[in-house]
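So the structure is just underneath, and the comments pick up after that.
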Amino acid sequence: MDKLIIGGKELKNRLFIGSGKFADESLIGDIVAQTGVEVVTVALRRVNLNGGKENILNYIPKDCVLLPNTSGARNAEEAVRIARLARAAGCGNWVKIEVISDNKYLLPDNNETIKATRILAEEGFVVLPYMHPDLYAAKELERAGAAAIMPLGAPIGTNRGLKTKEIVRILIEECELPVIVDAGIGKPSEAAEAMELGAAAVLVNTAIATAGNPAMMANAFSQAVQAGRQAFLAQPGETTEFARASSPLTGFLRS
Amino acid sequence: MSFYQIIEEFNDFDIPAYLSNVSTSQVKATLQKDFLKPQDFLTLLSPAATEQLEAMARKAHQLTLQHFGRVIQLFTPLYLSNYCVNRCLYCNFNSDNAIGRRKLDAQEIRSEAKAIAATGLKQILLLTGDIPGKAAVEYLTEAVTLVREYFTSIGIEVNPLAVDDYRRLAQAGVDSMTIYQEVYNQEVYDSLHLSGPKKDYHWRLNAPERACQARLRTVNIGALLGLHHWPSEAFFTGLHASYLQNNYLDTEINISLPRIKAGPVGYQPQSPVSDAELVQILLALRLFMPRSGMTLSTREPADLRNHLVPLGITRMSAGVNTAVGGHIDGHTDDGQFRISDERSVDEVRQMLISKGYQPVTQDWHHIAG
């Protein structure tokens, strides 16, 4: 059976979505209903900790796994504080660590991310660190107790696709943990590409939230993720440099 | 290298001459680029670029959507005090002006905060006139402590402070600061600021950098458009933002576009900026600094603000009263400037929703300490 298990939770849908950048947050519920998405990330900075009717959490269906992220954290210490706030506010014990101290390209800081992962994993969080794809850092995150790793496909919000493909391929090959491609995926075909490579899941926000029809785009992504996963499981045939006839002329020699 | 040295590099550069020589094809070529150099940015502030406004707008809209989504942040200023020791020709708080002066006490600060919080806003900007000496920081720290329970993000817009003072305020709960150079041209600056601590051009120019050094999360700068030749002023605003962002990667550098249309009695802006010019400045800044937040104040009328939403704006003030204590008793006299968009927070919210934007009233939590 093809199961994705993270933090003891069995997930059927390998498309994770973000909740920022939507014109109307009520679209999130529609998307979840239509696609069966099970994991939704939300920036804790946007969550009203006092509850209240105007709260992004009200738009995320209750049966989804809530993945609060530490957006806005500039170092490990801030990420840890935000994660603790999230748990105290009843957002569960999953956390996506985002440590970004570069406001120009929004690239994650792997060193600080590793530090935060170590602390939070020890505190019992299911830690999903957003990272710059790098094998040493990925191994370190494994040792630090991450539940999965989330390398970027391209700088966040750029919709440029799987620009880090070669390194992501190595991470998938070398890491025991599920590899979830996060950030940069702009089109369903790119999500399929990541899944064909063997990614465990993809997380998409900008490409869905800023599409002309976000619900339809989410559906397209969901299907692409499924297709990519099936293709990976089906073990694609070898690719070759030259055309090769399906009935080789020398077949008689082996019969 | 300080930002002043960058300004000095342009001492012998004839900006108006450069602008008048820019050709249409130069503008079109600039619009093809992904990353703009300072000279490219200046190109977009030229008369030739006015013919390409629609193309600039399309690109600015796309970039803003990509980086910020269909989201506009809402905040409002809270005026704590209009006492001021400066004599700035364009400002109503000028110590020469015979206006009613008021400084809120603790009780009044709480009442103002409560009244504003009741509108649903969670992001506040605390303002004062120039309070000299250490009194400013003590008063502000007290104010921050008082309003903290009502707001998730607290900004200050006060006279320039030292790094340690910004640090102290950050510890109290301030996460952002706003300071406008007003005018980057040093001679004009000198002529508009007759006396008071604000006469010190350099102390003010370096204030945003000191706030970055104190590790405030967000630093917001701007020029008061209309005080001097707008293309030069917009150009130096962009360069200043770029300088700060390059040197302080972990600070969010934002830009405001305040436009002065009329000052106190007896003052008229020397270089008025038209609506089309304001749009050109906004678009050029967005293309030069694609990730910078951009703020539009209620100095602009409702209709224009509505139209500017998709062009690169990311933050808007709403439910504004620039009078000290104005939210408690509803008076608007003796404010810092006359606002043009008098809509309530709810009306601005509805406008954004109708345009397909999500109004966001909260985007941070106090996590210090």
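Does residue A:160 satisfy the criteria of being open to solvent by 40 Å² or more (accessible area, probe 1.4 Å), part of a loop (DSSP other than H, G, I, E, B) and within 14 Å of chain B (Cβ to nearest Cβ)?
Yes.
Which count do you get for residues in the range B:250-262 that are in contact with a strand residue (DSSP E or B) (Cβ under 9 Å, 6 or more places away or on another chain) and open to solvent by 30 Å² or more (accessible area, probe 1.4 Å)?
Adding up the residues that qualify gives 2.
Taking residue A:82 as meeting all but one of (1) buried (at least 20 other Cβ atoms within 10 Å of the Cβ); (2) over 20 Å from residue B:360 (Cα atoms); (3) of a type outside the set (S, T, N, Q); (4) within 14 Å of chain B (Cβ to nearest Cβ), write down the number of the exception.
So the condition that residue A:82 fails would be (2).
Checking the condition open to solvent by 30 Å² or more (accessible area, probe 1.4 Å) and more than 10 Å from chain B (Cβ to nearest Cβ), which residue from A:104, A:96, A:62 passes?
Just a single option satisfies the conditions, and that option is A:62.
Helices (runs of 4 or more DSSP H) wholly in the range B:50-164 with at least 3 residues that are among the basic types (Lys, Arg) - which ones?
On the way: elements: B:53-68, B:106-117, B:135-147.
Helices (runs of 4 or more DSSP H) meeting the threshold: none at all.
Restricting to the range B:150-190, name every residue that is among the hydroxyl-bearing types (Ser, Thr, Tyr) and touching a residue at least 40 places away in the same chain (Cβ under 8 Å).
B:152, B:153, B:166, B:176, B:178, B:180, B:184
Between A:141, A:171, A:177, which is in contact with a strand residue (DSSP E or B) (Cβ under 7 Å, 6 or more places away or on another chain), part of a loop (DSSP other than H, G, I, E, B) and either more than 14 Å from every other protein chain (Cβ to nearest Cβ) or surrounded by fewer than 18 Cβ atoms within 10 Å (Cβ to Cβ) (or both)?
On the way: A:141 fails: part of a loop (DSSP other than H, G, I, E, B); A:171 fails: part of a loop (DSSP other than H, G, I, E, B).
Step by step, each of A:141, A:171, A:177 is checked, and only A:177 is in contact with a strand residue (DSSP E or B) (Cβ under 7 Å, 6 or more places away or on another chain), part of a loop (DSSP other than H, G, I, E, B) and either more than 14 Å from every other protein chain (Cβ to nearest Cβ) or surrounded by fewer than 18 Cβ atoms within 10 Å (Cβ to Cβ) (or both).
How many residues does the range B:62-85 hold that are touching a Gly at 6+ places or on another chain (Cβ under 8 Å), within 14 Å of chain A (Cβ to nearest Cβ) and open to solvent by 20 Å² or more (accessible area, probe 1.4 Å)?
6
Of the residues that make up the range B:173-195, is at least one under 20 Å from residue A:45 (Cβ atoms) and either among the hydroxyl-bearing types (Ser, Thr, Tyr) or open to solvent by 20 Å² or more (accessible area, probe 1.4 Å) (or both)?
The answer is yes, given that some residue of the range B:173-195 is under 20 Å from residue A:45 (Cβ atoms) and either among the hydroxyl-bearing types (Ser, Thr, Tyr) or open to solvent by 20 Å² or more (accessible area, probe 1.4 Å) (or both).
From the set of residues in the range B:282-305 that are over 30 Å from residue A:105 (Cβ atoms) and touching a residue at least 12 places away in the same chain (Cβ under 8 Å), which is surrounded by the most Cβ atoms within 10 Å (Cβ to Cβ)?
Ranking the candidates gives B:298 first.
Across the range B:112-125, what is the total count of residues that are over 19 Å from the mean Cα position of the chain (by Cα), open to solvent by 10 Å² or more (accessible area, probe 1.4 Å) and away from chain A (no Cβ under 14 Å)?
2
Give the residue, chosen from B:28, B:59, that is away from chain A (no Cβ under 14 Å), closer than 28 Å to residue A:103 by Cβ, open to solvent by 10 Å² or more (accessible area, probe 1.4 Å) and at pLDDT 95 or above.
Only one candidate passes the filter, namely B:59.
For residue B:331, state whether it is more than 27 Å from residue B:237 (Cα to Cα) and within 14 Å of chain A (Cβ to nearest Cβ).
no
Pick from A:211, A:199, A:227: which is assigned to a loop (DSSP other than H, G, I, E, B) and over 26 Å from residue A:95 (Cα atoms)?
Result: A:211 is the single residue among A:211, A:199, A:227 that is assigned to a loop (DSSP other than H, G, I, E, B) and over 26 Å from residue A:95 (Cα atoms).
Would you check if residue A:186 is open to solvent by 30 Å² or more (accessible area, probe 1.4 Å), part of a loop (DSSP other than H, G, I, E, B), under 21 Å from residue A:32 (Cα atoms) and without any contact (Cβ under 8 Å) to a residue 60 or more places away in the chain?
On the way: open to solvent by 30 Å² or more (accessible area, probe 1.4 Å): no; part of a loop (DSSP other than H, G, I, E, B): yes; under 21 Å from residue A:32 (Cα atoms): yes; without any contact (Cβ under 8 Å) to a residue 60 or more places away in the chain: yes.
When the stated conditions are applied, residue A:186 does not pass them.
Restricting to the range A:145-156, what's the tally of residues that are over 18 Å from residue A:15 (Cβ atoms) and either among the β-branched types (Val, Ile, Thr) or within 14 Å of chain B (Cβ to nearest Cβ) (or both)?
1
Among the residues of the range B:309-339, write down those that are in contact with a Gly (Cβ under 6 Å, 6 or more places away or on another chain), open to solvent by less than 20 Å² (accessible area, probe 1.4 Å) and farther than 25 Å from residue B:283 by Cα.
Selection gives B:322, B:323.
Take the residues in the range B:340-369 that are away from every other protein chain (no Cβ under 14 Å) and buried (at least 19 other Cβ atoms within 10 Å of the Cβ); name whichever of them is nearest to residue A:21 (Cα to Cα).
Looking at the filtered set, the residue picked out is B:348.
Before we move on, is residue A:50 out of contact with any strand residue (DSSP E or B) (no Cβ under 8 Å at 6 or more places or on another chain), more than 9 Å from every other protein chain (Cβ to nearest Cβ), free of Cβ contacts under 8 Å to residues at least 12 places away in the same chain and farther than 30 Å from residue A:10 by Cβ? Reasoning before the result, please.
Working: out of contact with any strand residue (DSSP E or B) (no Cβ under 8 Å at 6 or more places or on another chain): yes; more than 9 Å from every other protein chain (Cβ to nearest Cβ): yes; free of Cβ contacts under 8 Å to residues at least 12 places away in the same chain: yes; farther than 30 Å from residue A:10 by Cβ: yes.
Taking the combined requirement at face value, the residue satisfies it.
Conditions (1) among the β-branched types (Val, Ile, Thr); (2) in contact (Cβ under 8 Å) with a residue 40 or more places away in the chain; (3) assigned to a helix (DSSP H, G or I), marked per residue:
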{"site": "A:58", "(1), (2), (3)": "no, no, yes"}
{"site": "A:67", "(1), (2), (3)": "no, yes, no"}
{"site": "A:78", "(1), (2), (3)": "no, no, yes"}
{"site": "A:95", "(1), (2), (3)": "yes, no, no"}
{"site": "A:104", "(1), (2), (3)": "no, no, no"}
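State whether one or more residues within the range B:126-148 are under 30 Å from residue A:159 (Cβ atoms) and either within 23 Å of the chain's Cα centre (by Cα) or crowded, with 22+ Cβ neighbours inside 10 Å (or both).
no
Only one of these is in a helix (DSSP H, G or I) and either open to solvent by less than 20 Å² (accessible area, probe 1.4 Å) or in contact with a helix residue (DSSP H, G or I) (Cβ under 6 Å, 6 or more places away or on another chain) (or both): B:222, B:238. Name it.
Just a single option satisfies the conditions, and that option is B:238.
Which of the residues spanning the range B:39-49 are surrounded by 16 or more Cβ atoms within 10 Å (Cβ to Cβ) and outside any loop (DSSP other than H, G, I, E, B)?
The answer is B:40, B:41, B:42, B:43, B:48, B:49.
The values are calculated or read from the model by the stated rules, or taken from the named source; none is laboratory data. Please read these numbers as outputs of a predicted model, since none were measured by experiment. Every residue, glycine as well, gets a Cβ built from its backbone with ideal geometry; the counts of neighbours run over all protein chains shown. These area figures cover heavy atoms from the full protein model, side chains too; ligands, DNA and RNA do not enter into them. Shrake-Rupley method; radii C 1.70, N 1.55, O 1.52, S 1.80 Å.
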